[in-house]
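The structure under discussion appears below in the form of structure tokens.
The values are calculated or read from the model by the stated rules, or taken from the named source; none is laboratory data. On a predicted model such as this, the values are computed, not experimentally measured, just so you know. All Cβ positions, glycine included, derive from the backbone under ideal geometry; neighbour counts span all protein chains shown. Only protein heavy atoms, including side chains, enter the accessible area calculation; ligands, DNA and RNA are left aside. Shrake-Rupley method; radii C 1.70, N 1.55, O 1.52, S 1.80 Å.
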Amino acid sequence: MIKYNDTLPELHIQFPQTILKIYKEQFIFETINNITVNMEYFKRYTAYGFYGLLQNWIRNDFKESLEEFTKEVIDLTKTHIYSFEYIGNKGERLMD
């Protein structure tokens with residue numbers, strides 16, 4: 001559905017906003033060297049960047065395997081995220 005424009009109304013708006021909502025509600029990010037940034041902007045930047053990568057992967061007919069795509073996204077994330085903490089819906093905490 002991402003590959004085609006008119007499948008579901010506002011899918012291209014709602015999908016990245018859903019990723020952003022998950023980041024805001026369920027994750028705590030820490031930047032490399034604890035650089036102080038506006039975390040609202042950081043989460044938006046990260047969510048929309050991930051959506052763009054996902055959209056590109058789909059539009060290229062999954063050229064890379066899921067494992068390759070995941071590795072590339074994780075490697076890229078390591079360039080600006082020192083760690084993240086998943087707090088989930090119920091405050092459960094997992095750290096990376």
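Phe69 meets all of the listed conditions (1) at pLDDT 95 or above; (2) open to solvent by 70 Å² or more (accessible area, probe 1.4 Å) but one, namely (2). Take the residues in region 32-66 that are assigned to a loop (DSSP other than H, G, I, E, B) and among the aliphatic types (A, V, I, L, M), then tell me which one is surrounded by the most Cβ atoms within 10 Å (Cβ to Cβ). Applying the filter and picking the extreme gives Val37.
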